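Everything below concerns the one structure shown next.
Where a number appears in this text, it was derived from the coordinates with a stated rule and is not lab data. For clarity, every value in this text was computed on a predicted model and none was experimentally measured. A quick note on method: Cβ atoms are made from the backbone with ideal geometry, for glycine too, and the neighbour counts reach across all protein chains shown.
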Amino acid sequence: MTDINWTEAQEIARVQATQIAKRWPVVEVEDVEQEIVLWAAENINAWHAKTDAVKHGIFKKVATRYASGERTYQDMFTCQYWYTPEEVRAALRSLTEPPESFSHINSDSSPLLAKMDVDRALKKIPDRYKKLMFEHIVLGRPFPSPGDKKATYRGVDILTSWINRHSAIETKTSRKGEDLLA
């Protein structure tokens, strides 16, 4: 086994951790740096013979994955409602229902809020995913290929993540207690 320059690895880890912590306020520089070094120790063969630019890229990816996981963990344990992909698919299917079918539902109703969340989030999703979700989830058409099925479910995952970070249920009541949906 080749000798590893851990000082160099630590320096690159510190640079990447600092950059990621600036962009992801949910993490601390030291935590990200520790996660990178831990990954580096467990995956020496994946990075030790690479150029500095490649090492920076690899460590940045490790740091981003860690920060993303921490943000998801934090989102799950706040008071915000956490949608599942199944609930998002059900809300997508409800988009074709006429407005009068919701006349019996008040503004506190979960199906109505889910529909509002999905409608708002669809504006943020790439067109390719919107088209696939509309064709295969809303309209119920069969998947012509395994790739389309995988992309459709990936679209639902992206939509679910966006909704969970920007939920109407969370924003229904402002910090002053005013009902924003009334």
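Going from the residue with the fewest nearby Cβ atoms within 10 Å to the one with the most, 133, 116, 76 rank 76, 116, 133. Within the same chain, lysines fewer than 8 places from residue 22 are excluded, and of the rest, those with a Cα less than 17 Å from its Cα are 60, 61.
Phi angles of the stretch 61-67 translate, via the Karplus equation with coefficients 6.51, -1.76, 1.60 and θ = phi - 60°, into HN-Hα couplings of 5, 4, 5, 5, 4, 4, 4 Hz per residue; Gly and Pro are given as x. When peptides 11-18, 150-157 are ranked by their average number of other Cβ atoms within 10 Å per residue, the highest-first order is 11-18, 150-157. Residues in the stretch 29-44 carry Karplus couplings, in order, of 3, 4, 5, 5, 4, 4, 5, 5, 5, 4, 4, 4, 5, 7, 10, 3 Hz; the curve used is 6.51 cos²θ - 1.76 cosθ + 1.60 with θ = phi - 60°, and Gly or Pro positions show x. Taking θ as phi - 60° and the Karplus parameters 6.51, -1.76 and 1.60, the scalar couplings of the stretch 154-167 work out to 5, x, 5, 5, 5, 4, 4, 4, 5, 4, 5, 8, 9, 6 Hz in sequence order, x denoting glycine and proline.
For residue 167, no residue whose modelled amide H falls within less than 5 Å of its own remains once neighbours fewer than 5 places apart on the same chain are excluded. Between 34, 54, 6, the Cα set farthest toward the positive side of the dipole of the stretch 6-76 (charges on each charged residue's Cβ, about the Cα centre) is that of 54.
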